[in-house]
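The values are calculated or read from the model by the stated rules, or taken from the named source; none is laboratory data. All values derive from a computational prediction rather than experimental measurement. For neighbour counting, all protein chains shown are included, and Cβ atoms are generated from backbone atoms with ideal geometry for every residue, glycine included. Calculation scope for accessible area: heavy atoms of the full protein, side chains included, ligands and nucleic acids excluded. Shrake-Rupley method; radii C 1.70, N 1.55, O 1.52, S 1.80 Å.
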Amino acid sequence: MASENHEYPVGAFVSTQVCDYQSHLLVSGSRETGIWGNVPPRLLDLGADGLPLDAYAGILGTSGFTAYAGVFGMFDLQPDECFVVSAAGGAVGTAAGEFAKLRGARVIGIAGGKDKCRTLIDRLGFDAAVDYKADLGGGLDTVCPDGIDFYFENVGGEVQREVFARMRNNGRIAMCGQVAQYTGGGQADGPNLMSVILRQLSIRGFLSTITFSELIPQFERDVAAWLREGKVSNLTTIINGMENAHEAINNLVSGQIVGKQLLQFSEDPTRS
């Protein structure tokens, strides 16, 4: 292995947005065009940051930035507002909930299963969680009796319909993902959009590093500091070896974990 760029010497750790499931990657050091936009590779200073390497693929990576952009960039979330996030047990959802708590919002997570919902409350500090596998509508009515101010949308389908029906006047919806559609469920019927008119809702879609690339430096400063201070969590499940990639993918699409699923190819010096 060799390097022809003095800014990225052999042995350095580099974060990039264009890597796939692979053990080696050629990068130029300039801004790289990929699905997440034009983002330059980042040289990690592990000694100065004092954070585990997996954090840069977790809450300090693309999923963390997506949550940050949705909470801090999309709409003006106010203290004490009711903030609901779907797929709340995933890498984006867990981070979005913690960021919303830092804004002083009342945070409700929608997740699958009692254990996952309990983790959101006990470990991440969510105010409440609703199990979509049980009575989703009734659960939302119980924990959001006055309606929902801000919805961070990750799922679509039935979850989307139930939440849209409970939005408050002048509510805001950040459209981040439609996991129910791209994990095999196909395109589901949408909500009754008359509520958008009658309740004067604001809806906006975003692709984090395309829509809000200017927020990346602030995101890195804020979240690194919050991690050191214990204000946010880096929840990762790590599976070792390319030969076990299928297990990592199965965990991801089946919702077996809380937080970020990672596949590791070599030793992590920050955890040795």
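Among the residues of region 145-160, what is the count of those that are part of a helix (DSSP H, G or I) and on the phi > 0 side of the Ramachandran plot?
Of the residues in that region, 1 qualify.
So, in region 114-127, of the ones that are outside any helix (DSSP H, G or I), free of Cβ contacts under 8 Å to residues at least 60 places away in the same chain and open to solvent by 10 Å² or more (accessible area, probe 1.4 Å), which residue ends up farthest from Glu158 (Cα to Cα)?
Restricting to residues being outside any helix (DSSP H, G or I), free of Cβ contacts under 8 Å to residues at least 60 places away in the same chain and open to solvent by 10 Å² or more (accessible area, probe 1.4 Å), the top hit is Gly125.
Answer yes if at least one residue in region 146-157 is surrounded by fewer than 14 Cβ atoms within 10 Å (Cβ to Cβ) and in contact (Cβ under 8 Å) with a residue 24 or more places away in the chain, and no otherwise.
Yes.
Quickly run through region 81-96 and pick out the residues that are open to solvent by 10 Å² or more (accessible area, probe 1.4 Å) and among the small types (Gly, Ala, Ser).
Answer for region 81-96, where residues must be open to solvent by 10 Å² or more (accessible area, probe 1.4 Å) and among the small types (Gly, Ala, Ser): Ala87, Gly90, Ala91.
If you go through region 205-239, how many residues are in contact with a strand residue (DSSP E or B) (Cβ under 9 Å, 6 or more places away or on another chain) and not aliphatic (A, V, I, L, M)?
11
Out of curiosity, is Val163 out of contact with any Gly (no Cβ under 6 Å at 6 or more places or on another chain), touching a residue at least 12 places away in the same chain (Cβ under 8 Å), assigned to a helix (DSSP H, G or I) and β-branched (Val, Ile, Thr)?
yes
Report yes if Thr142 is of a type outside the set (Lys, Arg), under 14 Å from Ile257 (Cα atoms) and either in a helix (DSSP H, G or I) or more than 16 Å from the chain's Cα centre (by Cα) (or both), otherwise no.
Criteria not met by Thr142.
Here's the yes/no breakdown for (1) open to solvent by less than 30 Å² (accessible area, probe 1.4 Å); (2) closer than 20 Å to Ala55 by Cβ; (3) among the β-branched types (Val, Ile, Thr):
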site: Asn170; (1), (2), (3): no, no, no
site: Gly190; (1), (2), (3): no, no, no
site: Met194; (1), (2), (3): no, no, no
site: Ile216; (1), (2), (3): no, yes, yes
site: Asn234; (1), (2), (3): no, yes, no
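If you go through region 73-105 one residue at a time, how many are assigned to a helix (DSSP H, G or I) and within 13 Å of the chain's Cα centre (by Cα)?
Residues flagged as assigned to a helix (DSSP H, G or I) and within 13 Å of the chain's Cα centre (by Cα) within region 73-105 amount to 10.
Pick from Ala224, Ala174: which is under 30 Å from His24 (Cβ atoms), at pLDDT 90 or above, surrounded by 13 or more Cβ atoms within 10 Å (Cβ to Cβ) and not acidic (Asp, Glu)?
Result: Ala224 is the single residue among Ala224, Ala174 that is under 30 Å from His24 (Cβ atoms), at pLDDT 90 or above, surrounded by 13 or more Cβ atoms within 10 Å (Cβ to Cβ) and not acidic (Asp, Glu).
Only one residue in Gly157, Gly70, Gly113 is touching a Lys or Arg at 6+ places or on another chain (Cβ under 9 Å), of a type outside the set (Asp, Glu) and under 23 Å from Ile257 (Cβ atoms), so which one is that?
The match here is Gly113.
Being surrounded by fewer than 16 Cβ atoms within 10 Å (Cβ to Cβ) and either at pLDDT below 70 or out of contact with any Ser or Thr (no Cβ under 8 Å at 6 or more places or on another chain) (or both) is the filter here; which residues of region 1-11 pass it?
Within region 1-11, Met1, Ala2, Ser3, Glu4, His6, Glu7, Gly11 qualify.
Restricted to region 63-80, and to residues that are in contact (Cβ under 8 Å) with a residue 24 or more places away in the chain and open to solvent by 30 Å² or more (accessible area, probe 1.4 Å), which residue is farthest from Val232 (Cα to Cα)?
Phe75
Is there any pair with a first residue in region 236-265 that is in contact (Cβ under 8 Å) with a residue 12 or more places away in the chain and open to solvent by less than 50 Å² (accessible area, probe 1.4 Å) and a second that is of a type in the set (S, T, N, Q) and not in a strand (DSSP E or B) whose Cβ atoms are under 7 Å apart and which are 6 or more apart or on different chains, and what are they?
Final answer for the pair search is Thr237/Asn251; Ile257/Asn251; Val258/Thr94; Val258/Thr119; Gly259/Thr94; Gln261/Asn251.
Looking at Phe99, is it crowded, with 19+ Cβ neighbours inside 10 Å and in contact with a strand residue (DSSP E or B) (Cβ under 6 Å, 6 or more places away or on another chain)?
no
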